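> Sending over a structure as structure tokens; questions will come in a sec.
The values are calculated or read from the model by the stated rules, or taken from the named source; none is laboratory data. Keep in mind that this is a model prediction, so the values were computed, not measured. No Cβ is skipped: glycine too gets one built from the backbone with ideal geometry, and neighbour counts run over all protein chains shown.
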Amino acid sequence: MNFEEQIPAFFEYLKGNYNEKTKRALNPISEFSDFLNDRLIEGSLPRDFDDFMVEDFRREAKEHVKCLQEYVKDKDFKWIDCSSPSRWIFNYQDDSETYTASVETSNVPSEVDKILNKNITNIKQEELDVLRDHVEKLKSQSPEIKKVQQKEIADCSYIIANLTFQQSKTVKNANDWCEAGDWYTGIDNEKAYECYKKSSQQYSILLMYTESAQALDKAIDLTDDYKLLLKSNDKIKIDNLKKDLLDCQVQYDRAGLNDLASKKFVHLSNIRMNEKPCYIKPFYYLFKVSSKYGECPSRVLFTAFIILLLSTLLYTIFGIKSGVDPVTDAPILEKGFLTSLYFSLVTFTTLGYGDYAPLGWVRVVATLQAISGLILTSLFMVTLVRKHSR
């Protein structure tokens with residue numbers, strides 16, 4: 001496996017993706033490993049690399065940092081400063097003048113760099129304090145600098161949260177996990193997801209259910225849209241998403257935030273509906289439209305109102321039987337709107353006084369209205385009790 005063959009493409013990638021007229025710092029190890037992993041996903045690497053994981057690429061990137069530095073020196077690149085093995089600075093120049101950014105980019109101190117490259121189990125308390133001080137220093141920089149250093153802050157925050165977690169399970173540690181997730185969001189969503197999940201578990205242990213649900217909510221937001229997951233048929237990711245939604249709903253319920261818990265239940269029910277066989281989906285869809293899976297009493301009332309209105313209009317147009325003509329023995333049709341509304345209400349509630357009756361195919365309408373009345377009346381009571389008994 002010849003990693004040196006990928007070096008020219010790597011620098012073409014850097015020059016094409018970081019062409020802003022400014023100085024920008026990056027970690028060559030992370031950048032080179034991410035580049036190789038992306039090329040593997042695209043199918044641009046030889047088949048020898050098929051079994052490589054992200055960790056393998058990162059290990060190889062560490063071993064090839066010197067090769068990268070030598071390549072820059074051989075090519076005499078002026079647009080990049082690679083004197084540090086852990087922090088490179090981009091320095092783009094215009095034809096007329098050299099542009100120097102007004103912001104200040106700080107190199108990672110060697111001590112911090114050593115800590116970041118250490119096995120997490122070997123980091124001592126005093127080194128943890130160094131990381132905390134370093135993170136606070138970076139966070140105090142301007143927004144432009146913080147954006148450039150985001151990956152570094154995220155890595156430091158992750159180590160801080162992990163080490164604090166091993167020592168004690170406190171609110172501070174839960175906050176550390178959540179903060180690490182915030183920093184990773186957008187640059188490493190898998191790591192951000194892991195941090196938010198651990199933060200949620202920690203908050204839950206501490207009986208802080210609102211914070212636990214909010215952390216889970218952030219983790220769910222990082223997950224691919226469930227429709228895309230269903231199309232990809234990735235059962236593991238779908239099951240994880242369903243578990244996260246259920247856990248988030250439970251945490252919101254415990255916190256007394258019923259509306260937010262309801263939203264998570266609806267989201268979870270949408271996924272379950274899409275997993276059902278084709279012959280069952282229409283019933284689930286009607287359940288969703290009429291009551292939002294039993295979560296919305298007002299929607300049940302609105303559905304009942306629509307059915308009553310449509311039935312009343314049909315009775316008004318085609319008429320209902322109000323009696324029999326004593327001479328011709330023919331049925332007497334009543335087409336008044338108020339009478340039709342009365343008959344519609346009586347039919348919907350299944351009272352059936354008998355003073356009016358449907359004729360012909362209108363009897364099908366009356367039958368369906370009576371059935372829908374039974375179902376919607378029961379559904380309204382269920383949704384009402386469900387909403388106010390949480």
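> Just give me the residues in segment 39-48 being surrounded by fewer than 10 Cβ atoms within 10 Å (Cβ to Cβ) and outside any helix (DSSP H, G or I), in sequence order.
Keep residues of segment 39-48 that are surrounded by fewer than 10 Cβ atoms within 10 Å (Cβ to Cβ), which gives 41-43, 47-48.
Residue satisfying the conditions is 43 alone.
> Scan segment 131-141 and give yes if some residue there is over 36 Å from the mean Cα position of the chain (by Cα) and at pLDDT below 75, otherwise no. First the steps, then the outcome.
Restricting attention to segment 131-141, the residues satisfying the condition of being over 36 Å from the mean Cα position of the chain (by Cα) are none.
Scanning segment 131-141 turns up no residue that is over 36 Å from the mean Cα position of the chain (by Cα) and at pLDDT below 75.
> Taking the stated definitions as given, is residue 387 outside any helix (DSSP H, G or I), of a type outside the set (S, T, N, Q) and buried (at least 16 other Cβ atoms within 10 Å of the Cβ)?
Working: outside any helix (DSSP H, G or I): no; of a type outside the set (S, T, N, Q): yes; buried (at least 16 other Cβ atoms within 10 Å of the Cβ): yes.
Against the criterion (outside any helix (DSSP H, G or I), of a type outside the set (S, T, N, Q) and buried (at least 16 other Cβ atoms within 10 Å of the Cβ)), residue 387 does not qualify.
> Looking only at segment 347-356, count how many residues are buried (at least 17 other Cβ atoms within 10 Å of the Cβ) and out of contact with any Gly (no Cβ under 6 Å at 6 or more places or on another chain). Steps first, answer last, please.
Within segment 347-356, the subset buried (at least 17 other Cβ atoms within 10 Å of the Cβ) is 347-348, 356.
Imposing the further condition that a residue be out of contact with any Gly (no Cβ under 6 Å at 6 or more places or on another chain) reduces the set to 347, 356.
Within segment 347-356, residues that are buried (at least 17 other Cβ atoms within 10 Å of the Cβ) and out of contact with any Gly (no Cβ under 6 Å at 6 or more places or on another chain) number 2.
> If you don't mind, another one. If you go through segment 82-89 one residue at a time, do you hit one that is modelled with pLDDT under 75, crowded, with 17+ Cβ neighbours inside 10 Å, charged (D, E, K, R) and closer than 20 Å to residue 151 by Cβ?
yes
> Hey, another quick one. Among the residues of segment 325-356, which ones are on the phi < 0 side of the Ramachandran plot, of a type in the set (Gly, Ala, Ser) and more than 54 Å from the chain's Cα centre (by Cα)? So that I can check it myself, show each step before the final result.
Just the residues of segment 325-356 that are on the phi < 0 side of the Ramachandran plot, to begin with: 325-328, 330-349, 351, 353, 355-356.
Narrowing the set further to residues that are of a type in the set (Gly, Ala, Ser) leaves 330, 336, 340, 344.
The one that is on the phi < 0 side of the Ramachandran plot, of a type in the set (Gly, Ala, Ser) and more than 54 Å from the chain's Cα centre (by Cα): 330.
> Would you point out which residue out of 191, 281, 237, 264 is under 21 Å from residue 162 (Cα atoms) and either exposed (fewer than 14 other Cβ atoms within 10 Å of the Cβ) or in contact with a helix residue (DSSP H, G or I) (Cβ under 7 Å, 6 or more places away or on another chain) (or both)? Quick ask: steps written out before the conclusion?
Working: 281 fails: under 21 Å from residue 162 (Cα atoms); 237 fails: under 21 Å from residue 162 (Cα atoms); 264 fails: under 21 Å from residue 162 (Cα atoms).
The conditions single out 191.
> In addition: So which residues in segment 49-79 are more than 15 Å from residue 29 (Cβ to Cβ) and either under 36 Å from the mean Cα position of the chain (by Cα) or not in a helix (DSSP H, G or I) (or both)?
Of everything in segment 49-79, those that are more than 15 Å from residue 29 (Cβ to Cβ) and either under 36 Å from the mean Cα position of the chain (by Cα) or not in a helix (DSSP H, G or I) (or both) turn out to be 49, 50, 51, 52, 53, 76, 77, 78, 79.
> Collect the residues in segment 7-43 that are more than 21 Å from residue 188 (Cβ to Cβ) and either modelled with pLDDT of 75 or more or of a type in the set (Ser, Thr, Tyr) (or both), keeping them in residue-number order. Before the answer, list the steps.
Of all residues in segment 7-43, those more than 21 Å from residue 188 (Cβ to Cβ) come to 7-9, 11-12, 15-16, 19-23, 43.
7, 8, 9, 11, 12, 22, listed by residue number.
> Right, another one. Which residues, counting only those in segment 167-188, are surrounded by fewer than 22 Cβ atoms within 10 Å (Cβ to Cβ) and over 21 Å from residue 30 (Cα atoms)?
At the first step, the residues of segment 167-188 found to be surrounded by fewer than 22 Cβ atoms within 10 Å (Cβ to Cβ) are 167-172, 175, 179, 182, 185-188.
Correct list: 167, 168, 169, 170, 171, 172, 175.
> Let me ask something else about it. Within segment 257-266, is there a residue that is touching an Asp or Glu at 6+ places or on another chain (Cβ under 8 Å) and either among the hydroxyl-bearing types (Ser, Thr, Tyr) or not in a helix (DSSP H, G or I) (or both)?
The answer is yes; a qualifying residue exists.
> Exactly one condition in (1) outside any loop (DSSP other than H, G, I, E, B); (2) under 31 Å from the mean Cα position of the chain (by Cα); (3) at pLDDT below 70 is false for residue 169; which is it?
(1)
> Here's another thing I want to ask about it. Say whether the condition of being outside any strand (DSSP E or B) and among the aliphatic types (A, V, I, L, M) is met by at least one residue in segment 354-362.
Our first condition is that a residue be outside any strand (DSSP E or B); within segment 354-362, this holds for 354-356, 358-362.
Subsequent filtering for residues that are among the aliphatic types (A, V, I, L, M) retains 359, 362.
Yes, because at least one residue in segment 354-362 is outside any strand (DSSP E or B) and among the aliphatic types (A, V, I, L, M).
> Across segment 282-320, what is the number of residues that are over 24 Å from residue 268 (Cβ atoms) and either assigned to a loop (DSSP other than H, G, I, E, B) or within 27 Å of the chain's Cα centre (by Cα) (or both)?
1
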